[in-house]
1. Hey, any idea what % of segment 67-150's accessible area is carbon plus sulfur with a 1.4 Å probe?
2. Given points 7 Å out from each Cα along the Cα-Cβ axis, report the R92 to E73 separation in nanometres with one decimal.
3. For segment 37-78, compute the orientation-averaged projected area of the C-alpha convex hull (one quarter of its surface), in nm².
4. Averaging over all projection directions, find the projected area of the Cα convex hull of the chain and quote it in nm² with one decimal place.
5. Give the Rg (one decimal place) followed by the Dmax (whole number) of segment 52-138, computed from C-alpha coordinates and expressed in Å.
6. I want to verify the translational diffusion coefficient of segment 1-70 in µm²/s; compute it with Stokes-Einstein, Rh as the Kirkwood radius over Cα pairs, at 20 °C and 1.002 mPa s.
7. What 222 nm value per residue comes from the helices of the chain, counting each DSSP H run with n ≥ 4 as -39,500 (n - 2.57) and dividing by all residues, nearest 500 deg cm²/dmol?
8. Sorted by mean Cβ packing within 10 Å, highest first, what order do the peptides 3-14, 71-82 take?
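The values are calculated or read from the model by the stated rules, or taken from the named source; none is laboratory data. Bear in mind that the values here come from a model prediction, so they are computed numbers and not experimental data. Quick reminder, even Gly has a Cβ in these numbers, built from the backbone with ideal geometry, and neighbours come from all protein chains shown. For the accessible areas, the whole protein counts, side chains as well, though only heavy atoms, and no ligand, DNA or RNA atoms are used. Shrake-Rupley method; radii C 1.70, N 1.55, O 1.52, S 1.80 Å.
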Amino acid sequence: KINVKFVYIKATEGGTYQDPHYKRNLREARKKGLKVGSYHFLRTTSSIWLQFLNIMTHIPSNKQDLVPMIDVEECKNWNAQQLQDSLSLLARLIEKEYGKKPVIYTGQNFFIKRLNNDKITKYPLWIARYGDEPPCIDYPYTIWQFTQKGNLKGVSSKIDLNRFAPGVSLDILHVN
């Protein structure tokens, strides 16, 4: 049996995109009694300032149960240093706006190749590594996404399933 404690819902992407289903998904998750967080998909095609404005406009800080999450999966237009500097700036802006450090989500290999430094690792890390073995990185992770093929009663599509790192609880994600 799956014990669902929280859900993160995509809200924004890059400098201009807003998920058209965000408000409905937020409302429906809350109806089910879930703690809800919102996430932003970082794009290397628009400035961090535009992306932050998109986040602030569409993810109101006073309507969040959980800290925002930044989903980082690409490095098409920036080198690793530019990505790290930009992600660090966005994380600091979000922390100032929401009062708590955001979570940074990425895959294990992407983290090792592109994000493995002190600027990034001072934030809670949510690492995707599918299979039975937990993430193997040089820094502590907060959450491990172990599959994207989970089943949940009442949900027609496959879902991501995650586990907290040993000794970590949902409290680390609460806004206040």
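1. Values: 1740 of 3940 Å².
Result for segment 67-150: 44 percent of the exposed heavy-atom area is carbon or sulfur.
2. 2.8 nm
3. Values: hull surface 11.9 nm².
So the mean shadow area of the Cα hull is 3.0 nm².
4. Numbers: hull surface 39.8 nm².
Projected area, direction-averaged: 10.0 nm².
5. 13.4, 39
6. Values: Rh = 12.5 Å.
The diffusion coefficient I find is 172 µm²/s.
7. Working: 4 runs with 44 residues, N = 176.
Calculated from helices alone, the mean residue ellipticity at 222 nm is -7500 deg cm²/dmol.
8. Values: 3-14: 17.6, 71-82: 14.3.
The packing order, highest mean first, is 3-14, 71-82.
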